[in-house]
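Only one structure is covered here, and it is reproduced in the block below.
The values are calculated or read from the model by the stated rules, or taken from the named source; none is laboratory data. The shown structure was predicted, so the numbers you read here are calculated from the model rather than taken from an experiment. Every residue, glycine as well, gets a Cβ built from its backbone with ideal geometry; the counts of neighbours run over all protein chains shown. These area figures cover heavy atoms from the full protein model, side chains too; ligands, DNA and RNA do not enter into them. Shrake-Rupley method; radii C 1.70, N 1.55, O 1.52, S 1.80 Å.
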Amino acid sequence: MYKILIIILLMVSSFAKASQLYNSFSDDSLSVQAADSTKETLTFQQVDSITYQCYLVGNWDKLINTGKEAISQQIDYKRLRQRMGYAYFAKTDYYSSMNHYEKALKFDKTDSDTRLYLYYCGLYTGNNAYTRYQLGKLPYETRKNLKAKPFKIVDAVDAEYNLKTNDNKTRYDANYGRLGVSTKLGYRLSLYQSVSTFAQLVDSSGLKQNEYYAGLKWNVCPKIDFMIAYHYLNSTIIDSVTYRRQLPWRGKAMDISKDTLPGNLFYSKISFIVNRFQFGLSGSLFNYSKYDSIKLAYTKALTQQYTFDAGVTLPGKLNLNLKSSLTAMFDLQTRRLIFSQKIGALLSKNFWLEGNVTFGNLKNYTEYDGLYVFNADDATTFKTGLGFFWNLTPNICFLGNYTYNMKYFDKNNIIIKYNQNSFSTGIIWKI
Amino acid sequence: MENLKKIAFILLFAGIASLSMSQSQSVIQSAYSKSYESEQAGSYTTAINELKPIYKADDYTVNIRLGWLSYLAKQYTTAIRYYNIAIALKPYAIEARFGCVKPLSAIESWEKVKENYLKILEIDPQNTVANYWLGVMYYNAKDYVSGLKLFEKVVNLYPLDYDSTIMLAWCKLNLSKQIDARILFNQALIIRPNDSSALTGLKLLK
C-alpha cells in the first residue's frame, strides 16, 4: 500500500516538475522563439534598423509591411509609428497616416513632429476642425512659420447665386443670393455668418425673404465637434389684393396687402470622427408663421428636426466619400422621415465632384448645419443634384451645382405637381 | 511496527522533497550565477538564455532580471513586457518601475515614463530621483510651474544638490522670477564653481 503511495507521490512530483519546466518554455509569452516556425520572428533592433533604412531610401511598402509584422509581434514604439505614418503620408493615404501618427502621439504627446503631420493629415483630408485643433497644439515657432493666427476676423468670404426655374405657369423663376463670412475666434472656436435674400413671384403675390445665419463651432477634442446655430428668416408676402387678416403678433385683424412673417431656427449638432468614419447627431427647432386657410389668419407653428448621419471615406486616391443621413421631422400634425445620400470624389488634385439624392417631404427641412431652410409653401418631395468645388488657386475655390426638385402645392384641395431646376454658382475666397 | 513504517515513510518523503528542493534551488542559483557572468562579459543574449529554463511568470526576480537584460540587449519592447509583469507581481515595488523607465525612455514612450514616475511618487512622495526626472520632463515640455514644484522639493531635501538647484533656477528664470533665479544661479556657482549653465543663466538676467 505504502509502496504504491510512494510511487504515486514520486510520479506526481516528477510530473509537476516536468510540467513546471514545460511551462517555463511554452507559457513564456515573451519567449523569443515564435510558435509558428513559418513566420519570421522579429527583434526590436531588426525592426528599428529595417524601418529606418526603408525610411531613408523611401521604400514605403517594405516599411509598412515590416511595421505591420512588428506590431503583430507586439513590437510597438513611437519611432516605428512615426515612420509608418510618414510612409502612408508619402503614399498620400492620409487617413492611415493619421492613424499611425495618433498612435505615436500616445507614446509622446509633446512630440511636435507628430503634431505637425497630424495637422497636415487634417488639412489634406479636408477636416478643418481637426487641422485647427492640431495647429493650436503646435509650438509657437512652428505656428509662426505656418503663419497661423488664433484670431482672424475675416478668415474667408463666400458668395453664392442661385436661379430656380420650373414648369408651372403660376410659379415664376426664383432668385437667391447669399454672402458669408467666416471668423476664427481661436484654434478651437470658429464663427460663420451669412446674409441671404430670396425672391419669387407666385400667382399674384410676390415673396421676398431676407435671412441671417450665425453658426458657432467648437472643437471639444480633435475628433468631436459641437455646433450651435441660429437662423433668422424674414418673409414678406406682397399681395396685389388687400385682405383682412389676423396677425398673431399684431393682436387684432387689419386690412393689409403686405404680410411680414418672421421665422427663427435654432440648431445644434455634435459630430464624431473615427478615422475614416464620420458620425453626426443634430436637432433643430423651427418656429414660423403658418397661414390657416380656415381661420383666414396666420398662426405660429413649430417644426422639429432630428438627424443622424454617418459617412465614410474609402481608401484610394479618389477619396471617395459616402454619406447617408436619416431625418425625423415632427410638425403639428405630421411625422415624416427623410433619407439623404451623398457621394463625392476627388477627381483631380483640385476638383471635387459630389452627387446627392434626397427622398421625403422636405417641408421646413434644413440642411448644411441649418444654413438652408426649405420653408417655401410649395413642398419638395424629391431632389437630386450634382455639384463641384474647383480650387482655382490655393485661396480661391469656385463652385457650381445643379439640382432637380419635384415639388407640389395645394390649390383648393387639388394637389398640383411640378418640376424645378436649380442652378447655383459661387466662390469661396480664403483670405 | 505499523508506526515505524509510517515514520519511515514520512522521513523518506521529507528527504526526497528536501533533496528535490535543494537541487531546484541550486539549479536556480547556478542559472543566476551564469547569467551574471554572461552579463559581465557583455553577452546579454546568453545571460537571458541562462535564465530561460528557470523562468516562471509569477517570479518577480526572474522577470525583473530578464527586463534588465533585455534592456541591455536593446530588446526594449520585450524589456518593458518583463518589467510590467514584475510591476503587476509587486505593485508597490518602485524598483521595477524605475527599471521600466529605462526601456520606455529608450523608445521615447514619454507618456508611460511620466505615468511610472507619477506612480512612484504616489508610493514614495519624497523620492528624489523620481521628483528630479519628472521635473526634467515637465521642464522639457515647457510646463515650468509643474517642474518648479518638483525641483523645489528636491532642493529642500538636498540643498547642495547641483542638478536640482540649476533646474530650479532655470524654471524660475522661465517663469520671470528673476530675483529667485539670480539667487539660485549664484548658489549653483557655489556648489560648482564656473558652471557654464549657471553663468549663462546669470548673463540672461542682466
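From the list B:Ile107, B:Ile64, the one residue that fits, being of a type outside the set (Gly, Ala, Ser), crowded, with 22+ Cβ neighbours inside 10 Å and more than 12 Å from chain A (Cβ to nearest Cβ), is B:Ile64. For the stretch B:87-96, a tally of residues being surrounded by fewer than 23 Cβ atoms within 10 Å (Cβ to Cβ) and in a helix (DSSP H, G or I) returns 4.
Just so you know, in the stretch B:150-198 the residues that are in a helix (DSSP H, G or I) and among the hydroxyl-bearing types (Ser, Thr, Tyr) include one that is nearest to the chain's Cα centre (by Cα), and it is B:Ser164.
Residues in the stretch A:407-431 that are under 30 Å from A:Thr183 (Cβ atoms) and surrounded by 13 or more Cβ atoms within 10 Å (Cβ to Cβ): A:Ser422, A:Phe423, A:Ser424, A:Thr425, A:Gly426, A:Ile427, A:Ile428, A:Trp429, A:Lys430. Quick check: is even one residue across the stretch B:74-86 facing another protein chain (nearest Cβ under 7 Å), crowded, with 24+ Cβ neighbours inside 10 Å, in a loop (DSSP other than H, G, I, E, B) and of a type in the set (S, T, N, Q)? Yes, there is a match, as at least one residue in the stretch B:74-86 is facing another protein chain (nearest Cβ under 7 Å), crowded, with 24+ Cβ neighbours inside 10 Å, in a loop (DSSP other than H, G, I, E, B) and of a type in the set (S, T, N, Q). For the stretch A:312-363, filtering for residues that are of a type outside the set (Gly, Ala, Ser) and part of a loop (DSSP other than H, G, I, E, B) leaves 15.
Residue by residue, here is whether (1) open to solvent by less than 50 Å² (accessible area, probe 1.4 Å); (2) among the hydroxyl-bearing types (Ser, Thr, Tyr); (3) assigned by TED's automatic domain parsing to the domain that holds A:Phe226; (4) closer than 30 Å to A:Ser96 by Cα holds:
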position	(1), (2), (3), (4)
A:Leu261	yes, no, yes, no
A:Ser268	yes, yes, yes, no
A:Ser271	yes, yes, yes, yes
A:Ser282	yes, yes, yes, yes
A:Leu285	no, no, yes, no
A:Leu302	no, no, yes, no
A:Tyr306	no, yes, yes, no
A:Ala310	yes, no, yes, yes
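Of all residues in the stretch A:267-310, exactly one satisfies the criterion of being hydrophobic (A, V, I, L, M, F, W, C) and either touching a Gly at 6+ places or on another chain (Cβ under 6 Å) or on the phi > 0 side of the Ramachandran plot (or both), namely A:Leu296. Taking the criterion of being more than 15 Å from B:Ile87 (Cβ to Cβ) and under 14 Å from the mean Cα position of the chain (by Cα), the residues of the stretch B:122-137 that qualify are B:Asn127, B:Thr128, B:Val129, B:Asn131, B:Tyr132, B:Trp133, B:Leu134. Highlighted here are the strands (runs of 3 or more DSSP E) found entirely within the stretch A:101-219 that include at least 1 residues which are closer than 22 Å to A:Ser282 by Cβ and open to solvent by 50 Å² or more (accessible area, probe 1.4 Å): A:189-202. Among the residues of the stretch A:380-406, none is identified as surrounded by 15 or more Cβ atoms within 10 Å (Cβ to Cβ) and part of a loop (DSSP other than H, G, I, E, B).
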